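What follows is a short report on a single structure.
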Amino acid sequence: MGRTEREPGRAVLPGPLRGWLGAIAGLAALAVVALGARYGGADGPGGGDVRVRALAGESGAAWRDLAEGADFLGEPAGAAGLVAVGVLGCLWVRWPRAAVLLVGGVGTAVAATTLLKPVVGRTIHGGHLAFPSGHTAFLTAFALVLALVVSGRLGLGRTAGLSLVLAAGTVGGAVMGWAQVVLDAHYPTDALGGWCTAFAVVPAVAWAVDRAADSRAQNEN
């Protein structure tokens, strides 16, 4: 059987990465809980937020334009466009399981932030729920799924695959987190919470997608 015939059934959470990403997901979930407990009910920045904001300084018009461009990727129209392109790419390489992970992973990460916000109750700008940042969770999750897909397609080993996934998730979260802070839409710790939420959710969704797809394949056989 050729390579392209095997790919539709290939795991989206490769075996060499499963244990490491599972551990990282657990630590990320603990971080979300800890941050939520620390800032629950708060209506202003914490000490760390103030220090990070001071280090960032004032941003000029050009930087704000870049931040608004990044922010658009987390808005409904921008997010839908990114996901649509990603899904089409997964289907083009004949990997429907990856397309399911993209929709499920990104959607679950954003849904998790939506559910957590009223539970934590942290607000910004006179009552807007802030923790964790859904925009940051979205782009982090998208980058994580993209890295998993690339890792699977290239057949990367544990070290290379894990490095790619961690780097992609960090860059995606840093870009969107920076944009949210520059635009004063979130506190830095809100962005950190969104980043951790994505790292907690995506490996779990990938595992569930693999389990469901493998079970279905066994039943069909």
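The values are calculated or read from the model by the stated rules, or taken from the named source; none is laboratory data. If you're wondering where the values come from, they're calculated on a predicted model, not measured in any experiment. Because the Cβ atoms are built from the backbone with ideal geometry, glycine has one as well, and the counts that use them run over all protein chains shown. Only protein heavy atoms, including side chains, enter the accessible area calculation; ligands, DNA and RNA are left aside. Shrake-Rupley method; radii C 1.70, N 1.55, O 1.52, S 1.80 Å.
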Mind giving me the nanometre distance, one decimal, between the label points for residue 128 and residue 220, set 7 Å out from Cα along Cα→Cβ?
4.5 nm
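Near residue 13, within a Cβ-to-Cβ distance under 13 Å, what is the net charge of the other residues, with Lys and Arg +1 and Asp and Glu -1?
Neighbourhood net charge equals +3.
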Taking a probe of 1.4 Å and leaving out DNA, RNA and ligands, the chain shows per residue an accessible area in Å² of 50 Å²
Add -39500 (n - 2.57) for each DSSP H run of 4 or more in the chain, then divide by its residues: what number comes out at 222 nm, to the nearest 500 deg cm²/dmol?
-26500 deg cm²/dmol
Explain nothing, just the number: relative contact order of the chain, from Cα pairs under 8 Å at least 6 residues apart, as a whole percent.
34 percent
Ignoring ligands, DNA and RNA, what percent of the 1.4 Å accessible area of the chain is carbon and sulfur?
67 percent
